2 protein chains.
Amino acid sequence: MRTITIKPAAITHNLNQVKALAPKSNVLAMVKANAYGHGVAAVLPALQQADGIGVATLREALEARQLGWDKTIGLIEGAFTVDEWQQAIEHDISCVIHHAPQLDWALEQIPPVDSATRMVWIKYNTGMNRLGFNNQTLSSAAKSLHDAGYQLILTTHFANADNQDHPLNAIQIQRFNDMLSTLRQTVSTNIKGSLCNSAGIVNFPEHHHDWVRPGIMLYGSAPVIDQSAYTLNLQPAMEFSAQIIALQTVQAGDAIGYGSRWIAQQDVKTALVSIGYGDGYPRVVNGDAYVSVIDAVNQQRYSCAVIGRVAMDMIVIDVSAVPESSALNSKVILWGDAPHVDEVATHADTIGYELLCRLSVRPNRIQM
Amino acid sequence: MRTITIKPAAITHNLNQVKALAPKSNVLAMVKANAYGHGVAAVLPALQQADGIGVATLREALEARQLGWDKTIGLIEGAFTVDEWQQAIEHDISCVIHHAPQLDWALEQIPPVDSATRMVWIKYNTGMNRLGFNNQTLSSAAKSLHDAGYQLILTTHFANADNQDHPLNAIQIQRFNDMLSTLRQTVSTNIKGSLCNSAGIVNFPEHHHDWVRPGIMLYGSAPVIDQSAYTLNLQPAMEFSAQIIALQTVQAGDAIGYGSRWIAQQDVKTALVSIGYGDGYPRVVNGDAYVSVIDAVNQQRYSCAVIGRVAMDMIVIDVSAVPESSALNSKVILWGDAPHVDEVATHADTIGYELLCRLSVRPNRIQM
């Protein structure tokens, strides 16, 4: 059975790690993109101790409200239209304001005094160059919002926080801290700051400010390039698994799979696993890709190489090390404790985030 | 709005192309992997003129029955357990039999005479080396099944049918045709044959046999390496689109996005598009990747390069060519008529099949 098993206890554990790293900050837990593929309904109960959640679209915000989340919801790209701004007010969503049209909507339609939409996240472009006001436009936007009665959080986003030594980090931090000081002097001492995503939480403990915004680390992946999930004491919150559905011996010289890319150098015992890119396992993986097989009879664990091209519905693995009498029906872990999704990502020339997000609807979903 | 638009009329058109190419064969239309990501509920009504549908899992088979599909359903990896075999009988599913355990179940529990499960697809490994009986075991398996009252379709799967000149094609065709002749001489003249997937339908018109099994071409992608969807008169059945949500001018020398990988050589007008790998757009694309922007005011179409790293929720594109006054809120086509999903796949070092299958649940889904 193709199965995605979500472990809410791991998410709670990882949230506690965030709190231990940033004890003085509020936590906006990112649950955008269906909670990084984990399923927002499964994840929200594990985040009860977060101060708020972050989403990318109004639809995601409304879904979280429907699921009963009654604390802060931050809409991190803000409203896309004036109609969305009105809906944000209606549902007490706290929006990012990153460009002039959003500023206009906010100044034209001011939410009630007790509305959570009175808190806005004003976005400063410090070097990511995707969105945000620049150093000429931000101050006046902030002043207008403050004068209209909004509570402000100055926010920005790192481009290279995963790589502690990247020179842009210090520049972004400096620009952010300077602007926050300026605003506190010229607009209001009550303006809050939010700088750090997961990587920033780990790499820049001096700059956590009022709100941190952890994402990937809540799900048990490492947000920085020089430490693993294990050294950061993060627990993977997802296990992606399938099953051996057939065994075969392939003769030396025979090729396996589409494109006949993998050729047996000697006779090799192979197993067919009921998983493929139609489920979300990446189609292109290198020769280091492996899975864990949990022997159906003895529950022993074996690392088995993925061989040949990943197909839509199946992969072939080398089960030479697995006792033939007990291999059929064995559970196969694509990612989970081992291999970790970050390892699989390395074999697929990407990052764990993408593998988690790009799962399809086909696998069965359970919680444990 | 992140939107996946499915065009059932295109699927019907593509099915008619299959029928024109293989006029004497029955058509088993592949709808596995949620109809290659298109959504099986949206696709089945467009396939009414197919003779059957093919799925990869029992769950997919039962879903199609629930949606009212009352013709043949072929389960292309067969039952995974004896329990699944029993359910297949219960729901009139026609199964592949590719290894000894499935043969045992079929011989131990024979479906009623009028059951669709009496028709089985016996799988012959002719060179793909994933699954199937070999040339020593197939004949006796076929004889046992025939003697037990089953109607047989001999089937196999090409490893390199997309590449007409690959030497394995002729070998696979020869092995298949030889085995089919042998079975018709030694077991029954009534044994049917099924050899061709989409690529085989296009490249090997002499070998269509009784059932063809089109997949990707139904959805409007080219199944062969030397022809495009356009030259094959196939229509893309999916449009994947989003929207420009902000505009910005990035200064010469500034970097855009994660990793600061893309650096502006001159001042450049950029747009932020509300789509990312959290929706299913591939995270890693090369410098040739582009999207189509449909100007919000004049409905003019512009090709715009994707610049910087694709993020979870957004991408940045170069909108220098788009009139600034009408760019905001413009529709952005990630794939559809142009760029075709096969083009995007080339930019992402994969095939269109994978992009279609690995869409997430986040985009809105509509039909047109």
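The values are calculated or read from the model by the stated rules, or taken from the named source; none is laboratory data. Note that the structure is a prediction, hence the values are computed from the model and not measured. With ideal geometry, Cβ positions are generated from the backbone for all residues, glycine too; neighbour counts draw on all protein chains shown. Please note that ligands, DNA and RNA were not included when accessible areas were found on the heavy atoms of the full protein model with its side chains. Shrake-Rupley method; radii C 1.70, N 1.55, O 1.52, S 1.80 Å.
For the stretch A:193-211, a residue qualifies if it is open to solvent by 20 Å² or more (accessible area, probe 1.4 Å) and not aromatic (Phe, Trp, Tyr), and the qualifying residues are A:197, A:202, A:205, A:206, A:207, A:209, A:210. Considering the stretch A:312-348, and only residues there that are open to solvent by less than 10 Å² (accessible area, probe 1.4 Å) and in a strand (DSSP E or B), the residue that is farthest from residue A:245 (Cα to Cα) turns out to be A:335. Of the set (1) touching a residue at least 24 places away in the same chain (Cβ under 8 Å); (2) open to solvent by 60 Å² or more (accessible area, probe 1.4 Å), all apply to residue A:60 but (2). Restricting to the stretch A:30-50, name every residue that is under 19 Å from residue B:364 (Cβ atoms) and of a type in the set (S, T, N, Q). Within the stretch A:30-50, A:34 is the sole residue that qualifies. Scanning the stretch B:63-83 for residues that are open to solvent by less than 40 Å² (accessible area, probe 1.4 Å) and within 14 Å of chain A (Cβ to nearest Cβ) gives B:64, B:74, B:75, B:76, B:77, B:78, B:79, B:80. Of all residues in the stretch B:288-307, at least one satisfies being open to solvent by 10 Å² or more (accessible area, probe 1.4 Å), assigned to a loop (DSSP other than H, G, I, E, B) and closer than 20 Å to residue B:351 by Cβ. Considering only residues in the stretch A:1-27 that are touching a helix residue (DSSP H, G or I) at 6+ places or on another chain (Cβ under 7 Å) and under 30 Å from residue B:83 (Cβ atoms), the one that is farthest from the other protein chains (Cβ to nearest Cβ) turns out to be A:8. Scanning the stretch B:23-35 for residues that are more than 12 Å from residue B:53 (Cβ to Cβ) and either part of a helix (DSSP H, G or I) or open to solvent by less than 10 Å² (accessible area, probe 1.4 Å) (or both) yields B:33, B:34. Given the conditions (1) under 30 Å from residue B:292 (Cβ atoms); (2) open to solvent by less than 20 Å² (accessible area, probe 1.4 Å); (3) among the hydrophobic types (A, V, I, L, M, F, W, C); (4) assigned by TED's automatic domain parsing to the domain that holds residue B:42, which single one is not true for residue B:224? Here residue B:224 clears every test but (4).
Applying the condition of being closer than 22 Å to residue B:44 by Cβ and within 13 Å of chain A (Cβ to nearest Cβ) to the stretch B:85-107 and asking which residue is surrounded by the fewest Cβ atoms within 10 Å (Cβ to Cβ) yields B:96. Of all the residues in the stretch B:314-363, those that are at the interface with chain A (Cβ under 8 Å from one of its Cβ atoms), of a type outside the set (A, V, I, L, M) and either within 15 Å of the chain's Cα centre (by Cα) or farther than 25 Å from residue A:313 by Cα (or both) number 6.
Scanning the stretch B:240-287 for residues that are facing another protein chain (nearest Cβ under 8 Å), open to solvent by 10 Å² or more (accessible area, probe 1.4 Å), farther than 19 Å from residue A:123 by Cβ and among the small types (Gly, Ala, Ser) turns up just one, B:259. Within the stretch B:53-95, the set of residues being on the phi < 0 side of the Ramachandran plot, among the small types (Gly, Ala, Ser) and not in a helix (DSSP H, G or I) comprises B:54, B:56, B:74, B:79, B:94.
Does residue B:225 fit the bill of being of a type in the set (A, V, I, L, M) and within 13 Å of chain A (Cβ to nearest Cβ)? Here the answer is yes, as residue B:225 does meet what is asked. Among the residues of the stretch B:150-170, those that are under 19 Å from residue B:137 (Cα atoms) and either away from every other protein chain (no Cβ under 13 Å) or surrounded by fewer than 22 Cβ atoms within 10 Å (Cβ to Cβ) (or both) comprise B:150, B:151, B:152, B:153, B:154, B:155, B:156.
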